[in-house]
Amino acid sequence: MASQRLSTFALAALLVFAAFAVTGCFKSSTLQASSGSSSDFSSSPFKSSSASSSPEEEAAEDVSDVTQRWVIEGGDVAALRRDVGRITREYGMSDWERHPEIYRAIGRGLRRSPLDEGRVDQVVDALCAGAPEAVAWVEAGYRAERIN
């Protein structure tokens, strides 16, 4: 049953990807590895135009993707903070640090990245220094991604 659900999900994801590719929603450079800094990904082509998603939800999707790429490229925490700030401003959010969903999105991106849990803890501590609620939000996103 679980494998059937996974197969159905994989097929649906492939169909969505194909639809975006045919309509030109993905830039070809997005599908290639970048040798630039994580800030190269601050303007994401993955923005959704769905009327049912809030700007915070759409920003969170982009933040999660950028966080994962930031880890892969080996960026520093200051660069991640800048990229998250740039993305959230694009969605009209002036202070991303007041939005728990953005922190949870960072957690989801960290979970999908190749970091070991010890390094994840270091990143979370540096990103959320002095804000225990922010640490809890990142950890919630990290745990939620593990379940999925």
Just to be sure I understand the model, the point goes 7 Å from the Cα along the line to the Cβ. What's the resulting residue 121 to residue 78 distance in nm? 2.6 nm
By how many nm would the segment from residue 98 to residue 86 lengthen if fully extended, with 0.36 nm per residue of separation less the alpha-carbon distance? 2.8 nm
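Work through the residues other than residue 89 whose Cβ is under 12 Å from its Cβ and net out their charges, Lys, Arg +1 and Asp, Glu -1. Each step should come with its number before you reach the end.
On the way: positive: 82, 86; negative: 62, 83, 90, 95.
Neighbour charge sum, excluding residue 89 itself: -2.
Taken together, the values in this text are just the output of simple stated rules run on the coordinates, not laboratory data. All of these numbers come straight from a predicted model, not from anything done at the bench. Glycine also receives a Cβ, built like all others from the backbone with ideal geometry; neighbour counts cover every protein chain displayed.
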